[in-house]
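Enquirer: The structure's right below; bear with me while I get my questions together.
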Amino acid sequence: NSVTVVTADSISDQNALTTEEVLGTVAGVSPQNNGRTFSNRLVLRGVTNGGGLSLTFRENGLAGGVNYASDPYVYERYEVIKGPSSIIGGVITPGGIINRVNKLATDGDFGHVESSISDYGQVRLRADVNRDLDDQGQFSGRVVVASAFGDEFYDFAENDYFQVVPSIKAHLSEDTVV
């Protein structure tokens with residue numbers, strides 16, 4: 001087995017809009033989406049992850065359950081574990097696991113907002129806001145939002161979605177942060 005990590009910097013540098021674009025540079029991973037952008041159909045080491053129920057994807061280490069397409073903007077990183085990994089993830093395809101790790105609250109105040117419109121009229125809006133919630137810096141919160149609406153690159157199709165990923169970080173003691 002081997003592990004490849006695609007970091008937030010790499011996702012940002014690529015301006016990746018889909019999981020297929022994020023994983024496009026990872027050896028042994030190739031898209032099999034047949035032109036559709038609303039599901040993540042991938043071939044991982046020669047094994048397809050199928051459609052509907054996904055045995056390949058994990059969210060923060062937990063079973064993702066369904067094979068939905070999500071905006072890479074809401075993730076801190078993608079971890080690709082290639083090869084049989086059932087000891088880590090239970091029932092999975094023999095090709096491996098793709099773990100999507102959400103952006104989580106951190107210390108400090110920052111914010112980022114971006115928007116774009118494609119040649120075919122799809123509007124994409126994204127925002128990432130993190131704030132300290134008290135003066136002592138004991139609590140912080142973060143909300144990451146990604147949405148798109150409008151036409152797809154082929155006729156008679158739309159790919160509208162709205163994702164919200166909230167998180168709170170609490171310093172409960174010197175040794176405990178949740």
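Enquirer: Need the failing condition index for Ala148 against (1) over 16 Å from the mean Cα position of the chain (by Cα); (2) modelled with pLDDT under 90; (3) surrounded by 14 or more Cβ atoms within 10 Å (Cβ to Cβ); (4) closer than 28 Å to Ala105 by Cβ, just the number.
Expert: (1)
Enquirer: A further question follows. At least 3 residues that are under 20 Å from Val164 (Cβ atoms), open to solvent by less than 20 Å² (accessible area, probe 1.4 Å) and modelled with pLDDT under 80 in each: list the helices (runs of 4 or more DSSP H) lying fully within the stretch 1-111 that qualify.
Expert: none
Enquirer: Could I ask something else about it? Which one of the conditions (1) part of a loop (DSSP other than H, G, I, E, B); (2) open to solvent by less than 50 Å² (accessible area, probe 1.4 Å) does Asp128 fail to meet, given that it meets all the rest?
Expert: Failing condition for Asp128: (1).
Enquirer: Please verify whether Arg142 is modelled with pLDDT of 95 or more and open to solvent by less than 60 Å² (accessible area, probe 1.4 Å), treating the condition exactly as stated.
Expert: Yes, satisfied.
The values are calculated or read from the model by the stated rules, or taken from the named source; none is laboratory data. Note that the structure is predicted; figures quoted are calculated from it, not measured. Glycine also receives a Cβ, built like all others from the backbone with ideal geometry; neighbour counts cover every protein chain displayed. Keep in mind that these areas ignore ligands, DNA and RNA; they rest on the heavy atoms of the full protein, side chains included. Shrake-Rupley method; radii C 1.70, N 1.55, O 1.52, S 1.80 Å.
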